[in-house]
Every structure is written in C-alpha cells, then in structure tokens.
Amino acid sequence: MSVNTHEKRLSDISFSVLDLAPIIVGGTPSDSLRNTLDLARHAEKWGYNRYWLAEHHNMPGIASSATSVVIGHVAAGTSTIRVGSGGIMLPNHAPLVIAEQFGTLESLFPGRIDLGLGRAPGTDQITAHALRRDRRSDGHDFPEQLAELRAYFKPASESGNMRVRAIPGEGLNIPIWLLGSSSFSAQLAGQLGLPFAFASHFSPENTLPALDVYRRHFRPSEVLDEPYAMVGLNVIAADTDEEAQRLATSMQQQFLNLIRNTPGPLKPPVDNMDKLWSDYEKAVVDRQLGSSIIGGPETVKQKLQAFLDETQANEMMVNAQIFNHQARLRSFEIVAEVTK
C-alpha cells in the first residue's frame with residue numbers, strides 16, 4: 001500500500017449504482033422497472049461509472065429477479081454507462097446459460113457489460129431448491145462453476161477441444177467480478193487476480209477483514225496487475241440531515257421485515273421507528289446497516305471521505321432504498337455532486 005493512500009480523495013475514484021429495482025407499497029414491478037431505467041439515464045448523465053442490478057428471488061419488494069433481461073433493458077435505454085450484475089448468483093444457473101446470456105448482452109452492447117458473480121442463493125432455501133432442482137448445488141462448487149464459465153469465454157483457439165461452446169460468448173472479453181459478504185470470494189478473487197466487490201451495505205462488520213484477505217491473496221493476472229476493490233454501501237442523501245434520516249426509515253423497515261422473515265414491498269417513511277421495533281430488533285438492524293451513510297450534502301461528503309480513508313476502495317457502489325422515486329433521484333444527484 002502506498003504511503004500516500006490517506007490522501008486519496010472522493011474525486012480520485014469512480015462511483016457506481018447498485019439498483020435492487022424496489023417495488024414499493026402500492027406500486028407494481030412495471031413501475032419499478034420504469035423507475036430503474038429512469039434512474040439509469042440520470043446516473044449516466046451525472047457521471048456514474050456503472051449500473052448494476054441484483055438477482056433476488058421470491059422477494060415481493062425486488063423486481064430484478066430476471067437480472068439478465070433487466071440489464072438488457074437498461075443497456076438499451078442508455079448509451080455509455082456500463083451495465084451489469086451485482087450479481088448473478090452462479091449456483092442458481094448452469095454456467096453455459098450465463099455465458100450465453102452475457103455473451104448475447106456483450107454482442108448487443110459491446111464494451112459496456114459487466115458480469116458480477118455471487119455464490120449465495122439470493123433467496124430462501126425452498127426457493128433455492130425450486131431454482132436449482134436436482135443440481136444439488138449449495139455454493140461449495142462455486143470455484144469449479146466459475147472455471148467452467150470462464151472457459152466458455154475463451155477464444156476457440158485457446159479452449160482446446162471443448163465439445164460444448166457458448167455462442168454468443170466465445171472469445172468475448174466480458175469483465176468478471178467476484179462479489180462477497182465474507183472472506184470466501186475475497187480470497188478466491190485475489191488468487192485468480194479478479195476484481196472484487198464487497199457487500200458492505202449489509203455486511204459492514206466483514207468489510208475490512210475481507211478487503212485485507214483480498215489484497216493479501218492477490219496474484220497478478222491477465223486481468224489485473226494489482227488489486228481492484230469496489231465496496232457497496234447504502235447512501236441516503238437529501239437536502240437536510242433531518243429529511244435524509246426520515247427517508248432512511250424505509251430501508252430500516254425493509255431490513256426489519258427481513259429479520260422478521262416477513263419480506264414485502266418497500267414501505268413509505270415514518271416519523272418514529274421506535275414504535276415499530278424492539279430494542280433487540282433495532283440493534284440487529286443497526287448492526288446490518290452499520291456502514292450506511294445518511295444525511296445532507298456536507299454530512300454525506302464527510303462520511304464518504306471517512307469511509308474511503310478506512311477502506312482505500314478503488315470504487316464505491318451506492319445503493320439507495322428510498323420510497324419516493326424523485327427523492328431517490330435527488331439522493332443519487334447529491335452523491336454525484338459531492339464526489340466531483
């Protein structure tokens with residue numbers, strides 16, 4: 001690590017968007033996907049680097065379950081911003097299918113597609129079984145699945161005598177990222193010399209240990225000469241600290257419902273969360289959302305800089321679960337303004 005790393009400023013790194021395509025109370029998936037494209041177009045205009053969508057299943061509040069389809073929708077409606085998955089949960093799929101899907105996306109939108117991969121199911125165990133059927137994949141074979149997927153993208157001249165080929169996909173240079181909320185994918189990404197994205201937005205306590213594992217295990221590759229770490233975090237920004245705190249109660253309610261195992265659409269903000277949760281539930285939610293940055297422009301700028309000082313991230317990916325679409329747009333606009 002360089003002796004000057006403490007001087008890294010917000011303007012020195014890229015900022016990107018993570019979109020869970022939230023379905024709100026009273027809204028529909030169609031509304032959510034229209035809002036996704038609108039946010040992506042604004043993000044492109046405001047200078048965000050990439051726009052990623054996440055695979056979740058059996059979640060009444062998330063509309064991006066068919067992640068590859070939504071990526072195509074967003075890429076078709078934008079011009080320059082990179083679009084990808086944050087992530088595709090590889091154990092849910094045959095690697096060949098993902099190679100074909102992302103080979104198709106890259107063929108349609110050359111140079112703009114990212115393939116972020118995770119090994120969690122992105123859902124509950126019953127739904128995971130419905131997705132995986134008799135494949136009996138529980139994520140332990142993720143390294144083998146990843147190797148198979150990467151082989152499909154190799155040029156025909158390098159792939160040997162593979163009897164099964166990904167068309168489209170073969171010979172395409174699609175950046176592969178490993179995503180994680182623990183040290184498993186961090187170590188694997190380091191050993192393979194791949195970029196790594198950490199889910200600090202719901203696993204803040206593991207952020208620094210995972211980044212340390214990634215950097216210590218990193219081996220240069222044909223992809224990267226040195227580690228490249230992106231960190232996801234929740235940022236709820238508004239024109240005042242008070243308004244941001246109120247907007248953030250939608251996110252807090254969402255996590256409260258998750259720990260109660262009662263997921264649902266994103267709820268409108270409330271004036272007082274203490275009427276909704278117990279002291280224990282508040283502590284659990286606060287721990288899961290510990291890295292979240294909530295406030296007005298100056299507060300957000302200061303906290304983002306402190307987070308950068310702590311993580312030395314190469315890039316930050318911002319998630320904002322905000323009920324009102326216009327308020328959500330304003331939040332991302334503020335982040336873009338204070339990080340220039």
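The values are calculated or read from the model by the stated rules, or taken from the named source; none is laboratory data. Here the structure is a predicted model, which means the values were calculated and not measured. Every residue, glycine among them, receives a Cβ derived from its backbone with ideal geometry; neighbour counts consider all protein chains shown. Side chains are part of the model used for accessible areas, which takes the heavy atoms of the whole protein and leaves out ligands, DNA and RNA. Shrake-Rupley method; radii C 1.70, N 1.55, O 1.52, S 1.80 Å.
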In region 70-91, anything part of a helix (DSSP H, G or I) and either open to solvent by 10 Å² or more (accessible area, probe 1.4 Å) or modelled with pLDDT of 95 or more (or both) is listed as V70, I71, G72, H73, V74, A75, A76
Note down all Cβ pairs under 8 Å where the first residue falls in region 175-204 and is modelled with pLDDT under 95, the second is in a helix (DSSP H, G or I) and among the acidic types (D, E), and they're at least six residues apart or on different chains. none
With the structure loaded, tell me whether N35 is open to solvent by 50 Å² or more (accessible area, probe 1.4 Å) and at pLDDT below 95 or whether it fails that test. no
Within region 92-119, restricting to residues that are over 17 Å from the mean Cα position of the chain (by Cα) and over 23 Å from L131 (Cα atoms), the one that is least open to solvent (accessible area, probe 1.4 Å) is E106
Take the residues of region 293-339 that are in a loop (DSSP other than H, G, I, E, B) and of a type in the set (S, T, N, Q): which is surrounded by the fewest Cβ atoms within 10 Å (Cβ to Cβ)? N324
Search region 270-293 for residues that are under 16 Å from I236 (Cβ atoms) and pair each with any residue that is surrounded by 17 or more Cβ atoms within 10 Å (Cβ to Cβ) and among the β-branched types (V, I, T) when their beta-carbon atoms are under 6 Å apart and the residues are at least 6 apart or on different chains. V270/T249; M273/T249; I293/V235; I293/V300
Give me the residue from region 194-214 that is closer than 16 Å to W52 by Cα and hydrophobic (A, V, I, L, M, F, W, C) and, out of that set, surrounded by the most Cβ atoms within 10 Å (Cβ to Cβ). F198
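This table checks each residue for (1) outside any loop (DSSP other than H, G, I, E, B); (2) at negative phi; (3) touching a Ser or Thr at 6+ places or on another chain (Cβ under 6 Å); (4) basic (K, R).
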site: Q145; (1), (2), (3), (4): yes, yes, no, no
site: V164; (1), (2), (3), (4): no, yes, no, no
site: P168; (1), (2), (3), (4): no, yes, yes, no
site: L179; (1), (2), (3), (4): yes, yes, no, no
site: F202; (1), (2), (3), (4): no, yes, no, no
site: L208; (1), (2), (3), (4): yes, yes, no, no
